[in-house]
Amino acid sequence: MLFWNPAISSYTLDDFQEKLGELEYNDLNWAVWEHENASCGDRFFMVRCGEGKTGICMSGYFASDPYKGEDWSGKGREVFYMDLDPDVMIHPDYRAILTTEELCRAIPDFDWTGGHSGRLLEAGLAEQLEALWKKFLDDNEEAFAVHAAKQDIDQTYYTSKNDDKQIIYLSLDEEGKIQGFNEPFEVKAEGYDDVESLVKQITEQIYQKTDKRPEIQIYYRYIEEDYQEQYGKAVRLFLESKKEGDTYDDVYYETEGQIVYLLSKASMSASKLNEMGFSEEIVEAVEAMKKKDDETFIQYVERAAQNQLARELIEDKVRLAVDISSLKSIDEAMVKTLNENLEALHYLESLEIVE
């Protein structure tokens, strides 16, 4: 809980008004008294105190761990600050706020009138406050204009070391190995050939840094929420089928394209992929990527290109094949392959012109 008394603070009501117009681009920080108990990702509420209308005028998440800075009051004290990412700001002089009186009635076991800013509200009372705040926001939704502002924040980004759940973020490196990290505890691991071993290693590092054993969740970076499960399965299949020396191209396809790319590296039947829960669109694209024994290369490209997801992957593959700038010489076999890929590229480009 942060406390703000505009009468004595270096942060004025005019400063607050200015920040309302740029909520998404805030560069706010605040002094935190109990900084030893706080970390990046913790939830904060700011209470205006002192004279005038008092109560909660801001909520959000800490966007940094505590760091030492110059004393805002000029008294030379040791002060620790934390960056703020607000999700709600309400000008206390112009809009309804959740008042100090309401807070005292609902949660009397906490001093809402002022004192040190940056005090920890224990978990049970915090749950009561969140419920109270949600009801207040729902009842006053129409007020969020001009003197009030609200934005949606991705809460998964703000995992805190105080949370009972911890996220391990995973991704593939260029060598086709899995790597991951946990941000609050600043632990990471890389160079693994299977997800489970990597997650176990990071989990053990987290456990060594805390007395509690939080629930672990895994999340693939840059992958949309709706595709997390399918992408995770595709990564595991890719790692299981990867041969020595295989690499992973750092491709920037849409998420479905990335899943198809990974599955195309694994030899899995359509029926098996269906059983594993992959969407019909992805399964069809993976099947389109498979070259038949009786097909010439151009026949393969013409057939596969009828599937939009497969076409994007094949075109990238073909363009890479015709880029010979890094080669010192070309033998007869390479000329044949180059000509096949050039023919395929011209065909694919003709499709784009027609479209």
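The values are calculated or read from the model by the stated rules, or taken from the named source; none is laboratory data. None of the values given here were measured: they were computed from a predicted structure. No Cβ is skipped: glycine too gets one built from the backbone with ideal geometry, and neighbour counts run over all protein chains shown. For accessibility, only protein heavy atoms count, side chains too; no ligands or nucleic acids. Shrake-Rupley method; radii C 1.70, N 1.55, O 1.52, S 1.80 Å.
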> Can you name the residue in the range 298-355 that is farther than 26 Å from ILE259 by Cα and among the small types (Gly, Ala, Ser) and is also least open to solvent (accessible area, probe 1.4 Å) among such residues?
Replying inline: SER350
> What is the number of the single condition among (1) closer than 23 Å to ASP154 by Cβ; (2) aromatic (Phe, Trp, Tyr); (3) part of a helix (DSSP H, G or I); (4) open to solvent by 20 Å² or more (accessible area, probe 1.4 Å) that TYR207 does not meet?
Replying inline: (1)
> In the range 1-40, what residues are of a type in the set (Lys, Arg) and surrounded by fewer than 14 Cβ atoms within 10 Å (Cβ to Cβ)?
Replying inline: none
> With (1) over 17 Å from GLU183 (Cα atoms); (2) modelled with pLDDT of 90 or more as the list, and ASP250 as the residue in question, which single condition is left unmet?
Replying inline: (2)
>> If I filter the range 221-243 down to residues being on the phi < 0 side of the Ramachandran plot and not in a helix (DSSP H, G or I), which single residue comes out as surrounded by the fewest Cβ atoms within 10 Å (Cβ to Cβ)?
In response: LYS243
>> Out of the helices (runs of 4 or more DSSP H) lying entirely within the range 246-342, which hold 3 or more residues that are over 19 Å from TYR227 (Cα atoms)?
In response: 280-289, 297-304, 308-322
>> I need the full set of residues from the range 148-185 which are surrounded by fewer than 16 Cβ atoms within 10 Å (Cβ to Cβ), of a type outside the set (S, T, N, Q) and more than 16 Å from the chain's Cα centre (by Cα), in order please.
In response: ASP164, ASP173, GLU174, GLU175
>> As an exercise: evaluate SER117 against (1) in contact with a strand residue (DSSP E or B) (Cβ under 6 Å, 6 or more places away or on another chain); (2) without any contact (Cβ under 8 Å) to a residue 24 or more places away in the chain and give the number of the one condition it does not meet.
In response: (2)
>> I need every pair where a residue in the range 55-84 that is β-branched (Val, Ile, Thr) has its Cβ under 7 Å from the Cβ of a residue that is assigned to a loop (DSSP other than H, G, I, E, B), sequence separation at least 6 or different chains.
In response: ILE56/ILE97; VAL79/ASP71; VAL79/TRP72
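A quick yes/no check of all residues on (1) closer than 14 Å to SER59 by Cα; (2) surrounded by 16 or more Cβ atoms within 10 Å (Cβ to Cβ); (3) aromatic (Phe, Trp, Tyr):
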position: ASP83; (1), (2), (3): yes, yes, no
position: PRO92; (1), (2), (3): yes, yes, no
position: THR100; (1), (2), (3): no, yes, no
position: ARG105; (1), (2), (3): no, no, no
position: ALA123; (1), (2), (3): no, no, no
> Taking the range 44-76 as the region of interest, how many residues are touching a strand residue (DSSP E or B) at 6+ places or on another chain (Cβ under 9 Å) and assigned to a loop (DSSP other than H, G, I, E, B)?
Replying inline: 12
